[in-house]
1. Here are the criteria: (1) more than 16 Å from B:Gly242 (Cα to Cα); (2) under 31 Å from the mean Cα position of the chain (by Cα). Tell me which single one B:Ser125 does not satisfy.
2. Against the condition farther than 23 Å from B:Val238 by Cβ, at pLDDT 90 or above and in a helix (DSSP H, G or I), how does B:Gly186 come out, does it pass?
3. State all residues of the stretch B:129-139 that are of a type in the set (A, V, I, L, M) and touching a residue at least 60 places away in the same chain (Cβ under 8 Å); if no residue qualifies, say none.
4. Given (1) modelled with pLDDT of 95 or more; (2) facing another protein chain (nearest Cβ under 7 Å), where does B:Leu45 come up short, assuming only one miss?
5. In this structure, is B:Gly32 farther than 16 Å from B:Ala249 by Cβ and either crowded, with 22+ Cβ neighbours inside 10 Å or at pLDDT 95 or above (or both)?
6. Just to be sure I understand, how many residues within the stretch B:368-388 are touching a residue at least 12 places away in the same chain (Cβ under 8 Å), among the hydrophobic types (A, V, I, L, M, F, W, C) and within 10 Å of chain A (Cβ to nearest Cβ)?
7. Need a quick list: strands (runs of 3 or more DSSP E) entirely within the stretch B:372-455 having at least 2 residues that are surrounded by fewer than 18 Cβ atoms within 10 Å (Cβ to Cβ) and on the phi < 0 side of the Ramachandran plot.
8. Can you name the residue in the stretch B:83-111 that is under 26 Å from B:Gln331 (Cβ atoms) and of a type in the set (Val, Ile, Thr) and, of all such residues, is surrounded by the most Cβ atoms within 10 Å (Cβ to Cβ)?
Amino acid sequence: MIEGLAALYIFMLAGFTGFEIISRVPVILHTPLMSGSNFVHGIVLVGAMFALGIAETPAEQVVGFIAVLLGAGNAVGGYVVTERMLEMFKPSDKKPGGEG
Amino acid sequence: MELLIQASYFAAAVLFILGLKQMSSPVTARRGIVWAGAGMLLATLVTFVAPEITGSSHANINLILIIIAIAIGGGYAWWSGKKVAMTDMPQMIAMYNGMGGGAAATIAAVELLKATDEVERGLASSIPDALGADVAILGILGAIIGTISFSGSIIAWAKLDGRLHRSKLLPAQHLVNAALALATVGFAISIYFATDLTPIIVFYLLALVLGIFITVPVGGADMPVIISLFNALTGLAVGFEGYVLGNAAMIIAGIVVGSAGSLLTHLMAVAMNRSVANVFFAGVGTDTGAAATGEQGEMKEIQAQDAGIMMSFASQVVIIPGYGMAVAQAQHKIWELTQLLIDRGVSVKFAIHPVAGRMPGHMNVLLAEAGVPYDLIYDMEDINADFKNTTVSLVIGANDVVNPSAKNDSSSPLYGMPILDAMNSDNVIVIKRGRGAGFSGVENPLFFADNTRMLFGDGQKAANELIQAVKEL
């Protein structure tokens, strides 16, 4: 377990990290980046797996099942759409001068 | 084993941060998502062998349930994510984001169920006694945020997907929302002292309704801000539930997204000259009265042939694409038209408003898909001074971003929003499906201006006719 004060430091440092990452992003990448960050919080899937994995009663299993279902949707969907978007950016990057 | 699992979570957290960092530059962006994806895969796989799960009393059945849930949820998301059109990307992001918020909220629900069970069996005196006060508070906080993000994102998805059109539910909606928010917080506090499930269930229902009520009045043009905000909120909720579960990877990934998303939300709101609070409490287009209508003259129509001639002999043409162009799938035709004009020696530029499309950068994605090179695309600040040297501004599927009342009509709901100064060019040609108002429901005086000609019709068809007209010369 991560206890109180140590967690507070993690919260703070992670907060600054997120701020730093996005403050240098060109506008053209905002949509893919939002999609990418949407994928990253798909890590909630891992938490959902724990919630369902340690469930004991049927009620906990039902709610945990929903958690994993939703978490998997977040992670997989977030990856697929981000990847598709960024793939399209590739050819344009190869010819920054533009071929007209 | 425990060490391997913790090391894997650590590696996943590093991969997420490096991945996001790489996603912030066009050159490395694609590598970034692959790295983050590798982190996710690693974290998910090692969780299957986590001793908490394999050692639990219902390990076998639970593991099977996990696999089934991942197969259904992941399978659906894979299928829907692969087939969605680029124009519909924003609402899909909203939907996946909502699922993440829902997952965070349901994780909290499982913890609360466990704690209530312990209280009922007399193993603990209260929920904070069972979970620990810090865990209980952050867990409930994550539950509120996650639930609102869930139902709100689903509404955002429904609105952008054209499944929900109403923006008014009740009279005095803001008062109702405020009362509802207070009630939700009240029940959240009562969970802290609860001994049975009733307040927990009421709390979740209230938070669900609150998310719906907050999002329904938000005007369509403000949707990107809302989606971005919900994205940040989901991140926050995930971070809080990460604390509940003692999972550092969840905390780091969640909070990084929470702060990055908050900043992105702020940047978007600034681009539209609206504060985030304004977005929630004003609702553009929901209560525009007769004030904006009626004062205009008449729209002057032009045929594609004449428009084509006008552009062919122009010295400079600026194309202002909006979401309507993407809906009509006209971007490829517009690029073809652009190439023809360039061959004739016309200088052609694309002007992109920061919120063109449904999200910042969405229009760039759509133009990139059509093959338009970057050096023809200009941001608002770079192009606005250039409109006075422009012979023809071609507005296709855009409306609010060229609405001059944002500059000179203080009664307009758009007042103060930075716009593309298309009205400063010698001529403006607007390709538009019909005579109605824009996405935000606000009338556009530019369409009635003396130097504006309207080319009515579907974007792709109009672009085709323009191509023919230019070719025939």
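1. Of everything listed in (1) more than 16 Å from B:Gly242 (Cα to Cα); (2) under 31 Å from the mean Cα position of the chain (by Cα), B:Ser125 misses just condition (2).
2. Yes: the conditions hold for B:Gly186.
3. If the condition is that a residue be of a type in the set (A, V, I, L, M) and touching a residue at least 60 places away in the same chain (Cβ under 8 Å), then B:Leu131, B:Val135, B:Leu138 are the ones that fit.
4. For B:Leu45, the failing item is (2).
5. yes
6. Number of matching residues: 5.
7. Result: B:377-379.
8. B:Ile93
The values are calculated or read from the model by the stated rules, or taken from the named source; none is laboratory data. The structure displayed is predicted, hence computed values, not measured ones. Counting neighbours? That spans all protein chains shown, and the Cβs are built from the backbone with ideal geometry, glycine included.
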